[in-house]
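Structure record follows, encoded as structure tokens.
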Amino acid sequence: MKAEPRSVEIDRFRVEVEPAPRRTGVAWKSSSATQRTAPHATRYDCIKKMTQLATDDIFEKKPPRALRRPVTGHEVARFAGVSQSAVSRVFTPGASVSDRTRAKVVAAATTLGYRPNLIASSLITGKSRIVGVVVPGLTNPFYAALVGTLSDALSVREYRVMLFTARHGTSADPILEEILRYRLDALVLVSAQLSSRLAEECAEVGLPVVMVNRKTDSEAVSSVTGDNQAGAACIGSFLLAGSHRHFAFMAGLDSSSTSRDREAGFRERLHQAGTMPPLKVRGSYTAEEASCATRNLLKADTRPDAIFCANDQMAMVAIDVARSEFGLDVGRELSIVGFDDTQLAASPAYRLTTFSQPVDEMVDSAVRVLVDACSGRDLSAGPRIVSGQLVVRDSARLPPNGLSQVGGHTVWTQPAKQSINRI
């Protein structure tokens, strides 16, 4: 009785072993080869031929990733039947090219799997379409939100972001050397902690710079900030209207123009009302320093009944210390106000009253300046100030009037005819 052929599946190749009276016969089948038979093959020969068939079958479809090379613009041009310069124009934002040529090149690039080489393009055009962004880190929610919004806004304009982080107390020189190693089109500084000397030195070597959330006295550098002095003055008026008597200010860093402006606006408003100057402690924009500063304030012989912190992060640390270590009812026994209106400020754990900075407007203004500079237009230096509003939640005692609903938030504006009596 003749034995039936036996099939063995190896991946997607099927080997049929056919019994023979004297020698083994083997048949191969693959998706790309016709059936072949080696009736007198040894096992070694069978395996060798099967391997060759499998390799041929794979390579007919697509070479392994490690052996593939990138498709070039020249190959796309030849496939599309256009010049190589036409391919370059299609993948250069703003370049002039007809719709018909663009369609042909895009179709060819899609078919071949072409991706433009940005480094090669930058060598030709002198533009990398990369914007550097310097931040002190992303642990501060305000910086994280600002960088995310900035990246999205630049992406719409076909720019990419390269992120540089600067640690506390870092001098400008090492970061400047690192930045200048790259072919950046422009630089954005969003760190309130880094010395403004970095911006000035970048401007000196011809790299367009925009500072966001801080400023410098240099006329060669553009800046976009919230209205720090006016915002701090608004907080002072709010706390005065809430019948507070003893004030404190928790500063960031002395080198931070943002912290200095907020302190100046707060002090000036309290001075106008005839109160004693606020006690000053330094939180240095860190949780450890802010905790220590809060303890010092709350252990003082004359404890403040209102603390204005130079940013939300320090304000939330102050709330934690006041509650957990001193058992205070924040919002009744002690008012704490921040600045920035980060996402966490609205959480049930804090419900922080804070001056809201309009991040979208700040980013929009900064991007317009950057795009103008990258396009070869003059970088119009100088400060740009964007107004915000005081968002009222539960961490501070409420004044009797001046509250209104705006965009789903309770905000406070000093009534036009209201005057706060000198205390």
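So the values come out like this:
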read-out	value
Full-stretch length increase - L163, R303 - with 0.36 nm per residue and alpha-carbon distance subtracted	46.2 nm
Label-point gap, in nm, between L344 and R183 - each point 7 angstrom along Cα→Cβ	4.0 nm
Neighbour cut-off at most 16 other Cβ (10 Å), DSSP loop, GluC sites (Glu not before Pro), the stretch 198-229	E219
Length-normalised contact order of the stretch 265-339 in % [C-alpha pairs under 8 Å, at least 6 apart]	27 percent
Residue order, fewest to most surrounding Cβ atoms within 10 angstrom, among H244, H409, H74	H74, H409, H244
Highest-first arrangement of 181-188, 309-316, 330-337, where packing means the average Cβ count within 10 Å	309-316, 330-337, 181-188
Stretch gain in nm, segment D394-M276, where the contour uses 0.36 nm per residue and the Cα spacing is subtracted	39.9 nm
K280, K215 arranged by Cβ crowding within 10 Å, fewest neighbours leading	K280, K215
Burial ordering of M211, M162, fewest other beta-carbon atoms within 10 Å first	M162, M211
Protection-proxy order for peptides 355-368, 391-404, each taking the mean of Cβ atoms within 10 Å per residue, highest first	355-368, 391-404
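The numbers here are math on the coordinates, done by the rules we state, and not lab data. Because the structure is a prediction, the values reported are computed rather than measured. Positions of Cβ are generated from backbone atoms using ideal geometry, with glycine treated the same way; all protein chains shown enter the neighbour counts.
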